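> What follows is a structure written as structure tokens; I'll ask about it next.
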Amino acid sequence: MLESRDTGLLVVDIQGKLARLVEGSDSLIANTARLVQGAKALDLPVIWLEQNPDKLGATVPELQPLQAGTLVLAKYSFGALGEPTVADALAGTGVSHWLVCGIEAHICVYQSVLGLLASGARVSLVVDAVSSRTAANRELAIGQLAARGASLTSVEMCLYELMGDCRHPAFRQIAALVQRPS
């Protein structure tokens, strides 16, 4: 069960031209925005990763305003924990359960989730906020990660699970987020 006291959000590499080339790009960006806004409403730590940003570009403009007040880290290894500054930042949060979203599902998301699982963290892959350039690679990654111990969730599913009750102080804000059309 997801609990806000030990859950954080890791946003992986939604940046540059690649973010426009993945399957369902517009939906991915909109769902990620909802997820980040929901995580912030629930006071979860949010960490953004950018793969080689000097070459691949920054996080897409639609999501950049949501980076305010959060940690944005450059990485060069495909897996998040292969980068010492990222590994230290993740460990420093005290979070034991990570929601993970981003691109590409079969490369950086895949290797980051495997690293988190190997480190003893629990991981919930937010499947409607992950993508790859091809649907086949996205589906392969989701299947492999589920087989290796990652839980599967969606933006709406995880936000409601984190609230647990309609009396939660963030309920109205979360309900408005998930009911907005994509």
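> Tally Lys and Arg at +1 and Asp and Glu at -1 over the other residues with C-beta under 14 Å from the C-beta of residue 91: what net charge comes out?
-3
> Something else about it: Less than 12 Å Cβ to Cβ from residue 49, Lys/Arg counted +1 and Asp/Glu -1: what total charge do the surrounding residues give?
-2
> In Å², and per residue, what accessible area does the chain have when probed at 1.4 Å with the other protein chains present?
45 Å²
> Could I ask something else about it? Of all accessible surface on the range 83-138 at a 1.4 Å probe, what whole percent is carbon and sulfur?
That fraction is 57 percent.
> Identify all lysines with a Cα-Cα distance to residue 40 below 27 Å; exclude those on the same chain that are fewer than 8 residues away in sequence.
List returned: 17, 75.
> While we're here: Please list, in chain and number order, the residues 5+ apart from residue 130 or on another chain whose amide H is under 5 Å from its amide H, with Hs placed from the backbone.
Correct list: 102.
> At a probe radius of 1.4 Å, what is the per-residue accessible area of residue 75, in Å² to the nearest 10?
0 Å²
> Okay, next question. With +1 on each Lys and Arg Cβ and -1 on each Asp and Glu Cβ, how big is the dipole of the range 1-130 about its Cα centre, in debye rounded to the nearest 20?
Computed charge dipole of the range 1-130: roughly 40 debye.
> I'd like to compare 78-85, 1-8, 129-136, 102-109: which one has the highest average count of other Cβ atoms within 10 Å, and what's the full order after that?
Put in order of decreasing packing, that is 102-109, 129-136, 78-85, 1-8.
> Pick out the long, greasy-scoring helices in the chain: whole DSSP H runs spanning 15 Å or more along their own axis by Cα, mean Kyte-Doolittle at least 0.5.
Taking the DSSP H segments of the chain (at least 15 Å long, mean hydropathy at least 0.5), we get none.
> Let me ask something else about it. Give the carbon-plus-sulfur fraction of the accessible surface of the range 1-75 in %, rounded to a whole number; probe 1.4 Å, heavy atoms of protein chains only.
Carbon and sulfur together cover 52 percent of it.
> Along Cα→Cβ, 7 Å out, is where each label goes; now give me the distance between the ones at residue 67 and residue 27 in nm to one decimal.
It is 2.6 nm.
> About its Cα centre, how strong a charge dipole does the range 125-165 have in debye, to the nearest 20, once Lys and Arg get +1 and Asp and Glu get -1 at the Cβ?
340 debye
> Work through the residues other than residue 21 whose Cβ is under 11 Å from its Cβ and net out their charges, Lys, Arg +1 and Asp, Glu -1.
Counting the neighbours of residue 21, the net charge comes to +1.
> Then there is this: Find which of 173, 92, 119 sits farthest along the positive direction of the dipole of the chain, computed with +1 on the beta-carbon of Lys and Arg, -1 on that of Asp and Glu, about the Cα centre.
Result: 173.
The values are calculated or read from the model by the stated rules, or taken from the named source; none is laboratory data. Computed from a predicted model, the values in this text were never measured in an experiment. Positions of Cβ are generated from backbone atoms using ideal geometry, with glycine treated the same way; all protein chains shown enter the neighbour counts. Ligands, DNA and RNA are excluded from the accessible area calculation, which covers all protein heavy atoms including side chains. Shrake-Rupley method; radii C 1.70, N 1.55, O 1.52, S 1.80 Å.
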